[in-house]
Every structure is written in structure tokens, then in C-alpha cells.
1. Mind telling me which of the residues B:43, B:54, B:38 ends up being modelled with pLDDT under 80 and more than 14 Å from residue A:35 (Cα to Cα)?
2. Answer with yes or no whether residue A:129 is modelled with pLDDT of 90 or more and in a loop (DSSP other than H, G, I, E, B).
3. From the list A:113, A:47, A:82, exactly one residue is in contact with a helix residue (DSSP H, G or I) (Cβ under 7 Å, 6 or more places away or on another chain), touching a residue at least 60 places away in the same chain (Cβ under 8 Å) and more than 14 Å from residue B:73 (Cβ to Cβ). Which is it?
4. Checking residue A:50 against (1) surrounded by fewer than 23 Cβ atoms within 10 Å (Cβ to Cβ); (2) more than 25 Å from residue A:13 (Cα to Cα); (3) at the interface with chain B (Cβ under 7 Å from one of its Cβ atoms), only one condition comes out false. Which one?
5. Is there a residue in the stretch A:96-104 that is facing chain B (nearest Cβ under 7 Å), closer than 21 Å to residue B:69 by Cβ and polar (S, T, N, Q)?
6. Considering only residues that are more than 7 Å from every other protein chain (Cβ to nearest Cβ) and farther than 16 Å from residue A:74 by Cβ, which ones fall in the stretch A:13-25?
7. For the stretch A:53-79, give me each residue that is over 18 Å from residue A:108 (Cα atoms), crowded, with 24+ Cβ neighbours inside 10 Å, among the aliphatic types (A, V, I, L, M) and touching a residue at least 24 places away in the same chain (Cβ under 8 Å).
Amino acid sequence: MPAGSAFTSKQSDQIRHAVTTAHDETGLHFFVQVGLVDGDIRAYALRRHAALGAVAEFGVFVLVEPEARRVEIVTGETAARRLDDRAAGLASLAMATSFAGGDLTGGVVNGVRMMAQAAARPPVLHEHEAD
Amino acid sequence: MGTAVLAAGPALAIGERGTPGDKLSAIETTAIFVGIPVAVAAVIAFLVFLPSIVNGPRYRPGRPWTATTAWFGEPIGSEATASAITTLPPATVNGGGASARW
């Protein structure tokens with residue numbers, strides 16, 4: 001991977017489009033960061049999510065650390081109600097699988113799309129007791 | 001008609017008609033026996049590398065990462081604000097998330 005941008009302009013457009021579409025479909029704010037992180041990656045992701053300020057509550061922050069091979073998803077209080085941890089976990093696994101195959105763009109695009117689909121469904125407020 | 005084919009037959013045999021032409025010059029020989037194979041190899045090599053030229057550099061897990069950090073979504077908050085945060089707001093603490101490695 002040479003110095004400079006990790007994505008071609010076409011790849012950036014694809015990711016940007018996925019992020020914008022996800023926002024339009026769900027009303028949640030999606031953020032994706034791809035790059036190196038010093039120190040504890042989960043702690044950094046939480047701080048970076050908190051730095052979103054007023055948007056943090058509705059924010060879904062995706063951090064991809066290509067050298068440590070880690071993907072972190074942080075959802076805000078309201079966002080987590082729409083996008084539960086199970087759906088986020090599923091998206092993170094799908095992304096990790098794509099990344100392991102060397103496909104950063106496809107992984108991010110699919111992951112964001114999966115989360116948007118999960119969040120677009122109406123939340124289950126009351127689950128029926130087993131009869 | 002049968003006689004016409006019989007008469008034409010021997011005339012069409014190789015080497016029966018026409019002048020054999022001059023000997024190939026050294027330049028022509030090189031062009032045919034070196035130039036054409038090299039050109040073919042170059043075309044094949046170009047076709048092999050074409051996908052990576054079009055798609056840009058490929059991410060390879062395990063290799064050092066030298067690219068700049070990429071950010072997608074509205075640019076809200078910054079590295080500086082993030083590093084200044086010591087206590088997380090409830091919006092983040094009461095949220096959720098997931099992580100995976102590869």
C-alpha cells in the first residue's frame with residue numbers, strides 16, 4: 001500500500017454513497033474511519049464516537065484499523081436501539097471477512113449497507129413470551 | 001469442367017509459380033523472430049496487470065499500512081476533540097457496538 005490515499009476516487013465515491021444512502025434510509029448518522037490508531041483501539045473508537053457531540057446519540061461510528069486488523073463499531077444510545085449489538089456484530093464479521101480477502105472498499109460498503117438494513121426495520125419493543 | 005480442375009491443379013502447387021523473393025534482411029529477421037514474440041508477451045503482461053492498474057493498489061492484510069487516514073460521513077468532531085475526551089458522555093456509554101478481527 002503506497003503512501004497517500006488508501007482508496008481511489010471511485011472507491012471513495014462508492015463508500016460515500018453507501019454512507020449517504022444509509023443515512024437517508026435510517027436517519028442515523030454513519031461515520032467510517034479507515035486508518036492507523038495508536039494504543040487501545042476500542043477506547044479510541046469510543047472517544048472518537050463521543051467527539052461527535054450532539055450527533056453521538058444517533059451516530060454509528062465504524063473504525064477500520066488495517067494494520068492491527070480490527071474493526072470496531074460504536075453505536076450511540078438511540079442508534080443502539082435501532083441497530084442492536086447482534087446486527088452490529090453480524091456486520092462487523094461480514095466486514096472482517098471481506099477485509100481478510102483484501103477488499104477494503106467492498107467490506108465497508110457491504111457492512112454499512114447491512115447495518116442500514118438492520119436499522120431500517122422497526123425495532124422490536126415487546127417480544128412475545130414463548131407459549 | 002473436370003479438365004479445368006485437372007489443368008489448374010498442378011499450377012496451384014507451392015513453389016510452382018512466382019519469384020521466391022529476396023532473402024530477409026537482418027532487420028526483418030529480428031523484427032519477425034524477436035519483435036513479434038516480444039510484442040505478444042508485452043500485450044499479455046499488460047492484460048495481466050490491467051485490473052490492478054484500474055482498481056488501484058490492493059490492501060494486503062499483514063503488510064504495513066502507510067496510507068493516510070480516510071474519513072467518510074460529515075466531518076464532525078476531530079482527532080483533537082477525541083483525544084481531549086477523558087470521560088465518555090452517556091450517549092456513547094449507553095450505546096452499543098461490536099468488534100471483529102481478521
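The values are calculated or read from the model by the stated rules, or taken from the named source; none is laboratory data. Only a predicted model underlies this, so the values are computations on that prediction, with no experimental measurement involved. Cβ coordinates were reconstructed from backbone atoms using ideal geometry, including for glycine residues, and neighbour counts include every protein chain displayed.
1. One residue alone meets the criteria, B:54.
2. Answer is no for this residue.
3. On inspection, the qualifying residue turns out to be A:113.
4. Of (1) surrounded by fewer than 23 Cβ atoms within 10 Å (Cβ to Cβ); (2) more than 25 Å from residue A:13 (Cα to Cα); (3) at the interface with chain B (Cβ under 7 Å from one of its Cβ atoms), only one is false for residue A:50: (1).
5. No, every residue in the stretch A:96-104 fails to be facing chain B (nearest Cβ under 7 Å), closer than 21 Å to residue B:69 by Cβ and polar (S, T, N, Q).
6. A:13, A:14, A:17, A:18, A:20, A:21, A:23, A:24, A:25
7. Across the stretch A:53-79, the qualifying residue is only A:79.
Here's the yes/no breakdown for (1) over 22 Å from residue B:90 (Cα atoms); (2) part of a helix (DSSP H, G or I):
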site: A:31; (1), (2): no, no
site: A:36; (1), (2): yes, no
site: A:46; (1), (2): no, yes
site: A:49; (1), (2): no, yes
site: A:67; (1), (2): yes, no
site: A:73; (1), (2): no, no
